[in-house]
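Structure first, commentary second.
What follows draws every value from the coordinates through simple rules; no lab data is involved. All figures in this text were calculated on a predicted structure; none of them were measured in a lab. Backbone-built Cβ (ideal geometry, glycine too); neighbour counts: all protein chains shown.
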Amino acid sequence: MAALDLLAALLRQMTWIVHCTHPVARSWFLLATTSTGTGLERSAGSSARMRANQRTRFLKGNHETFVHRFLSAPAVLDEWRLCGGLETLASYGLKPSINPGAAERRRLAEELAKSIPKPHLEFFDSLKLSFSCGDFLFVHAGVRPGVPIRKQREEDLLWIREEFLSCDQRFEKFVVHGHTPVRMPMSDQIGLILTRERSQPDA
């Protein structure tokens, strides 16, 4: 959700739905980010916009791991560039080439360290891996089948796909997630979030 105009439109739509169609005494939004790397607009602007929304809870997405990894290991740009890394660097005023070599990757890491605002890094550091509310578990990608929620690994919560999506077992909670693109909203979506639900039968 890095395109700033799309993010702004989504927040406006969610606000309208909460106030006009599903009014409640207290509401908040939960975004299973990815705030960096996937849009054509400014990832920097997306990060700032999300931090400014006081009624929103944020979860860590797989793309949020790249910023710190790139700063300490510039070679990771070979992987990051496949999912929006170059666009993210450009959003902070850098000018990467289409296929940066080793020397350029090191230079870009140094430039990003100087360009990225400290509050943005603090925002990325503050992101939670999951959020549990009643019978629902919110995560970015999904959960590892056969592993209790409390023992789930960060790598699976951020990156898992087929093992989770193809699993027919029942989990401890309804799992609300994103990560995997779909052409059309799934029939079991909740609100505006594309999801797959996995439920635990009543004890």
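Determine the shape class of segment 93-142: with a ≥ b ≥ c the square roots of the Cα gyration tensor eigenvalues, call it rounded for a/c under 1.5, and otherwise prolate if a/b is greater than b/c, oblate otherwise.
Cα axes put segment 93-142 in the prolate bin.
What ranking of K118, K60 emerges when the number of other C-beta atoms within 10 Å of each C-beta is taken as an exposure proxy, fewest first?
By the 10 Å Cβ count, ascending, the order reads K118, K60.
Mind listing the long-range amide H neighbours of V175? Cut-off is under 5 Å, sequence gap 5 or more, other chains count too, H placed in the peptide plane at 1.01 Å from N.
Excluding prolines and chain starts, which carry no amide H, the hits are L137, R198.
Give me the lysines in straight-line cross-link reach of K173: C-alpha distance below 22 Å, same-chain residues under 8 apart excluded.
K60, K128, K151
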